[in-house]
Amino acid sequence: MTKTVYVLNGPNLNLLGKRQPEIYGYETLADVETLCADTAEDLGLATTFHQSNHEGEIVEAIHAARDEAAAIVINPAAYTHTSVAILDALNAFEGPVIEVHISNVHKRESFRHHSYVSLRADAVIAGCGTQGYALALTRVATLLED
Ligand code: DQA
């Protein structure tokens, strides 16, 4: 059976393509969703794609992933740097977790250098633009094969 990967996106990523394009580029979240679906198909995987501006909704999506997904790719956006609740939810998920950031957070303000999610993530991809999502799915495919 085809394995499903949840691709979760945090606050303000609905504005991708319009929001600070000098940092995040001109591709939209719809473009990222298509990239993820196409990449997953090439890898023999399926994706379920979500974005929310609300911390609790992201926590609930992670809970749903416990029954429905083999792995999670997550760009928690600003919640990366603040959310113990998202870390706790990810700690209750058993499969691979890959953290993605479109920008290189380590080149930016110091408050972006700390990630709660990195305490759980099996890998972190930052600064590769939206290609980071495709790289994350490629890594997920390898981890699910092992
Ligand atoms: C981000 C980086 C975060 O610091 C920021 O709050 C975001 C997006 C990224 O994809 O580069 O909203 O996660």
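The values are calculated or read from the model by the stated rules, or taken from the named source; none is laboratory data. Nothing here was measured: the structure is a model prediction, and the numbers come from that model. Cβ coordinates were reconstructed from backbone atoms using ideal geometry, including for glycine residues, and neighbour counts include every protein chain displayed. Each accessible area value is taken on the protein alone, full model and side chains, heavy atoms only, with ligands, DNA and RNA left out. Shrake-Rupley method; radii C 1.70, N 1.55, O 1.52, S 1.80 Å.
Sum -39500 (n - 2.57) across every DSSP H segment of at least 4 residues in the chain, then divide by the residue count to get the 222 nm mean residue ellipticity, nearest 500.
Details: 5 runs with 55 residues, N = 146.
That calculation yields -11500 deg cm²/dmol at 222 nm.
Students often check this: by mean Cβ neighbours within 10 Å, which of 10-16, 101-107 ranks highest, and how do the rest follow? List each step's numbers first, then the result.
Numbers: 10-16: 18.3, 101-107: 16.7.
In descending order of packing, they fall as 10-16, 101-107.
Which value in Å does the Kirkwood hydrodynamic radius of the chain take, with 1/r averaged over all unlike C-alpha pairs and then inverted?
Numbers: mean 1/r = 0.0669 Å⁻¹.
So the Kirkwood estimate lands at 14.9 Å.
Round to a whole angstrom and tell me the spacing of the C-alpha centers of the stretch 117-135 and the stretch 88-112.
For the stretch 117-135 versus the stretch 88-112, the Cα centre distance is 7 Å.
Kindly report, to the nearest 10 Å², the accessible surface of His114 as traced by a 1.4 Å probe over protein heavy atoms only.
Accessible area, nearest 10 Å²: 90 Å².
In the stretch 1-48, which trypsin sites (Lys or Arg not before Pro) are in a loop and have at most 16 other Cβ atoms within 10 Å, using DSSP for the loop call? It would help to have the intermediate numbers written out before the result.
Values: sites: Lys3, Lys18, Arg19; in loops: Lys18, Arg19.
Those satisfying the criteria are Lys18, Arg19.
How would the stretch 37-118 be classified by its alpha-carbon gyration tensor: rounded, prolate or oblate, with rounded meaning a/c under 1.5 and the a/b versus b/c comparison settling the rest? Could the numbers behind the result be given before it?
Numbers: a/c = 2.05, a/b = 1.35, b/c = 1.52.
In terms of gyration-tensor shape, oblate.
Among rounded, prolate and oblate, which fits the stretch 1-68 when a ≥ b ≥ c are the square roots of the eigenvalues of its C-alpha gyration tensor, a/c under 1.5 means rounded, and a/b larger than b/c means prolate?
Numbers: a/c = 3.97, a/b = 1.28, b/c = 3.10.
Oblate, since a/c reaches 1.5 and b/c is not below a/b.
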